[in-house]
Structures are given as C-alpha cells and as structure tokens.
1. Given the range 83-149 reduced to its alpha-carbon atoms as identical point scatterers, what log10 I(q)/I(0) does the Debye formula return at q = 0.12, 0.14, 0.25 Å⁻¹?
2. Could you report the range 1-141's accessible area per residue, 1.4 Å probe, as an integer in Å²?
3. With +1 assigned to the C-beta of every Lys and Arg and -1 to the C-beta of every Asp and Glu, and no other charges, what is the dipole magnitude of the range 60-149 about the Cα centre in debye, to the nearest 20?
4. If you average the C-alpha positions of the range 38-88 and of the range 1-34 separately, how far apart do those two centres end up, in angstrom?
5. With only Lys, Arg, Asp and Glu charged, each at its Cβ (+1 for the first two, -1 for the last two), find how big the charge dipole of the range 19-108 is about the Cα centre; round to the nearest 20 debye.
6. Would you mind computing the Rg to Rh ratio of the range 24-149 from its alpha-carbon coordinates, Kirkwood style for Rh?
7. For a distance above 19 Å, tell me the whole-number percent of Cα pairs in the range 40-94 that qualify.
8. When ranked by the protection proxy of mean other Cβ atoms within 10 Å per residue, highest first, what sequence do the peptides 131-140, 45-54, 18-27, 96-105 form?
Amino acid sequence: MTTVTSPLAGRAIGLADVPDPVFAGAMVGPGTAIDPVREPSEAIAPVDGIVVSLHPHAFVVVDSEGHGVLTHLGIDTVQLNGEGFELLVSKGDTVTRGQGIVRWDPAAVEAAGKSPVCPVVALEATADSLSDVVEAGEVKVGDTLFGWQ
C-alpha cells in the first residue's frame, strides 16, 4: 500500500471540481486536487521515489512499488513557459517524501490568468485501487490524500 501525501497546503476539492475536463474526468488517472494557499511555497514529493518526469509546472515521482504520482501545479500553467517556477531537483533524482521539488507562487499563477488548482493523480491506476481519498477540507503539507493498493 502506497500512502500519497499532500505536496501543498490548501483545501482539498476533489478531481471533479478541477477546471479542466481531462483532470475532472479522471482521464489522466484517479486522485484528488488541492486549491493551494496563495503564497510562495515549495511543492514537495508526495511519496519516496524517483523523479521520472519533471517540468516547471508538473512532476511525477514513482515509488518502489512502481506507483507514479503526478503533481500538476495549476491548470494550463504549461503556457507560462516555466516563468515563476523554480526546479529544486533534477529528473532521475531519488527523493524522499516531503522533499521540495518545485518552488512556485500560486498567487502569481492566478494573476497570470491561470487556475492555481493542483491535481494530484495516481497514474495508470483504477479508481477502486485508491482508498480514503480526501476531497474536502483543509490540508497541510504532508497530510495523507489517499492510499493506493
């Protein structure tokens, strides 16, 4: 069982409320989403593992069980071309849960006209392989978001 923890502080809203049909429809995978606190912060690793994909606006960490967790910082933020995002690790790095991956400012993303909502998605998972998915309420960095069988 993999425990996926929150890479950000904010409010859990669930994927269905993400303002993007691909995430809202769980086409990328099941999970949840965080509406982040509007202050500069570091998005942290939600699991121990290897950074297999790293962009300014998104990253994937794969754990020892082969579970890949996507953290997507905001919606349509690829259009910002990395502006306002600072990478703290490199692709291929081994990271531990809680380690900073990307430094960013959700308020700046919002000011640029993009949604700062952050999907946290279990890649190549089925909805019934996740348990105790948090879809409401305040979350702190490191709080459990869901379990993955």
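1. Relative scattering, expressed as log10 I(q)/I(0), comes to -0.46, -0.62, -1.23.
2. On the way: 6330 Å² over 141 residues.
Ligands and nucleic acids excluded, the figure is 45 Å² per residue.
3. Numbers: 5 positive and 14 negative charges, 49 e Å.
Dipole magnitude for the range 60-149 comes out near 240 debye.
4. 13 Å
5. Details: 4 positive and 12 negative charges, 17 e Å.
Computed about the Cα centre, the dipole is about 80 debye.
6. Numbers: Rg = 13.6 Å, Rh = 14.6 Å.
Answer for the range 24-149: 0.93.
7. 24 percent
8. Numbers: 131-140: 13.7, 45-54: 19.3, 18-27: 15.2, 96-105: 17.7.
Per-residue Cβ counts within 10 Å, averaged per peptide and sorted highest first, yield 45-54, 96-105, 18-27, 131-140.
The values are calculated or read from the model by the stated rules, or taken from the named source; none is laboratory data. Keep in mind that what you see is a predicted model, and the values were worked out from it rather than measured. Every residue, glycine as well, gets a Cβ built from its backbone with ideal geometry; the counts of neighbours run over all protein chains shown. Quick note on the areas: whole protein, heavy atoms, side chains included, nothing else; ligands and nucleic acids left out. Shrake-Rupley method; radii C 1.70, N 1.55, O 1.52, S 1.80 Å.
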